[in-house]
Amino acid sequence: MSTDAPNDTYGTPVVPGVAYGPAAWVRRPETPPASAPALAEEERDNAWSRFQEAATVVSNRLSERAKNTIGTASDVLQMTAQMALDKGWQREVRKQIRKQGVPAVQAAMAATDTFVELFKQAGGLMAERVTDICDVRDRVIAELEGLPEPGIPALDHPVVLLADDLAPADTAGLDPERILGIATILGGPTSHTSIIARQLGIPCIVAARDLDIIEAGTPVQLDGRTGRIELNPDADAAQAAVAADAKQRELAKSWRGPGRTKDGEDVQLLANIQDGEGARKAASSQAEGVGLFRTELCFLNATTEPSIDEQADIYRPVFDAFRGKKVVVRTLDAGSDKPVAWASVPDEENPALGVRGLRTSGIDPDQLPHQVDAIAKAAEGRDGATWVMAPMVSTISEARWFASLARERGLIAGIMVEVPAVAVMAEQFLAEVDFVSIGTNDLTQYTMAADRMNPNLATYTDPWQPGVLALIARTAEAGRKLGKPVGVCGEAAADPLLACVLHGFGITSLSMAASAIGAVGAQFSQVTGEQCRAAAEAVLSAGSADDARAAARQALGA
Ligand code: PEP
Ligand code: MG
């Protein structure tokens, strides 16, 4: 297998693009000794004041940087700035200093350890905050010790940046002119490094286990489409690959819809959105409609169930942004990594396998009818098609119940295919509903038995895994047989190569972040429908995710 080549290392590709340049490492600072002689009573007030001053300096510095940054990067910096002033964390530090006489540096370390443990136990999104709090700790300790702020070194030439993991505050300050590409040993497709790299358009690979073999200064070629990092590549070939990639990116920028293959086969490209504002932005992209409206994200801060009217007011702006167009609304996917106070069950042992999505109806049977009422109310009088689908369906009776609920209110009824049982019996499920949409993020998680939030499992949570592709193909085939639409709305749809494979399987619509539509549309404009079908056939005999990628690339001439 190509992954055995001694000069290459592999990770999980998260932002497409090719980069070539010398490697530069971001090293975390040396860890100070965990214990130190206790402070005398009279030294403790001073130590506590020094800590507070250091935390305030760090927070102000990050806030200042947040003001000079835009978008998600600014939010990340602001959030990290607030963490430095977090009352719970500071209370723990004060206790260590005042009560036990622990010096400020060691007190910051001990308090952070406590929180790291808590975050890890909470799992999911909370576990992803571990990098944030450790970064805040390192910055405050550097300030206390009069050392330079840790993070990305000052750069006088463009580099490919390598790190164990980048702290959110580091990624937020990245300069795309200087950082050609990023590779990290830790992290996953949803970590901050991935999110910010995606926003900045910097090719990025995470979970690259053997990155340590690369010494600073070594020329590397990083391919954010395949996950390959090649050491000491042929310089001419590497530069040619970068130039070809730049051309693709230009095509993506200038691509104008609608989605269509080179030989004229239509490909419906839709947007994933989470609120009215996102819908308005998506409406100004090339999206033909909305393929996934994640309604639960509107309610993460609500403590009680909003009334039907209140909910309708939240949904209506999405319909208004896409007048006359298809909008697929997903009902509440509460639970697991998206806790909604009024709908999900707290403290489950294993929340991803627990009461989530449609299953919350077992706890509160009124909640889903209320939500479908609200969706129907918000859609009253609109001229576009209003589709509604339920997440985390796993039995036929659930599909049947949901379909009647939606149809009684005049809505087009569907379910998501996230649980392998549904893909395996796709024909029977499709017979009950008007359409299905495959959520490849969860379908991959459940097929591969690998937590999608766990950075150590990124190789498994890869939608190119042949087992996942086989289930998608099976579902598409069932749709073709019954003449019903089968969409894909997970991250897989945003991967230009995989999108072609999905079209080749017979998937009828692809829904993704609006920012990904240009690259996917541009890719389709360069291939024929026949090539997509050849790629689809080729991946089905691949024995690994890497082989599937390579087979698709070859069939598509990409
Ligand atoms: C999915 O599982 O692929 C999906 C689209 O749903 P979410 O990512 O919101 O779980
Ligand atoms: Mg899902």
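The values are calculated or read from the model by the stated rules, or taken from the named source; none is laboratory data. Source: prediction; values computed, not measured. As a convention, Cβ positions derive from the backbone with ideal geometry for all residues, glycine included, and neighbour counts pool all protein chains shown. Note: areas computed on protein heavy atoms with side chains; ligands, DNA, RNA excluded. Shrake-Rupley method; radii C 1.70, N 1.55, O 1.52, S 1.80 Å.
The table below lists the values:
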read-out	value
Pair list, Cβ under 9 Å, 6 or more apart: segment 434-448 residue in contact (Cβ under 8 Å) with a residue 12 or more places away in the chain and within 7 Å of ligand 1 (Cβ to nearest atom), other residue open to solvent by 10 Å² or more (accessible area, probe 1.4 Å) and in a helix (DSSP H, G or I)	Thr440/Glu491; Asn441/Glu491; Asp442/Ala352; Leu443/Pro420; Leu443/Leu471
Residue tally, condition open to solvent by 10 Å² or more (accessible area, probe 1.4 Å), in contact (Cβ under 8 Å) with a residue 24 or more places away in the chain and part of a helix (DSSP H, G or I), over segment 506-522	4
Residue ID - nearest to ligand 2 (Cβ to nearest atom), chosen from residues in segment 224-243 that are open to solvent by 70 Å² or more (accessible area, probe 1.4 Å) and touching a residue at least 40 places away in the same chain (Cβ under 8 Å)	Arg225
Residues of segment 36-52 that turn out to be without any contact (Cβ under 8 Å) to a residue 40 or more places away in the chain and either open to solvent by less than 40 Å² (accessible area, probe 1.4 Å) or farther than 14 Å from Ala107 by Cβ (or both), as a count	1
Single condition Lys67 does not satisfy, out of (1) open to solvent by less than 30 Å² (accessible area, probe 1.4 Å); (2) without any contact (Cβ under 8 Å) to a residue 24 or more places away in the chain	(1)
Strands (runs of 3 or more DSSP E) contained in segment 244-353 and holding at least 1 residues open to solvent by 40 Å² or more (accessible area, probe 1.4 Å), away from ligand 2 (no atom under 16 Å from the Cβ) and in contact (Cβ under 8 Å) with a residue 60 or more places away in the chain	268-273
Selected residue [within 14 Å of ligand 1 (Cβ to nearest atom) and either without any contact (Cβ under 8 Å) to a residue 12 or more places away in the chain or not basic (Lys, Arg) (or both)] from Leu411, Leu358, Leu430	Leu358
Condition check for Leu497: surrounded by 24 or more Cβ atoms within 10 Å (Cβ to Cβ) and either at pLDDT 95 or above or of a type outside the set (S, T, N, Q) (or both)	no
Residue in segment 302-310 that is over 14 Å from Ile375 (Cα atoms) and among the aliphatic types (A, V, I, L, M) present	yes
Test: Ser525 is in contact with a Pro (Cβ under 9 Å, 6 or more places away or on another chain) and open to solvent by 10 Å² or more (accessible area, probe 1.4 Å)	no
Selection count, segment 191-223, where residues are among the aliphatic types (A, V, I, L, M), open to solvent by less than 20 Å² (accessible area, probe 1.4 Å) and not in a helix (DSSP H, G or I)	8
Helices (runs of 4 or more DSSP H) within segment 122-178 that include 3 or more residues at pLDDT below 75 and buried (at least 21 other Cβ atoms within 10 Å of the Cβ)	168-172
Strands (runs of 3 or more DSSP E) completely within segment 1-119 that count 2 or more residues being of a type in the set (Gly, Ala, Ser) and either over 28 Å from the mean Cα position of the chain (by Cα) or within 26 Å of Ile196 (Cβ to Cβ) (or both)	18-26
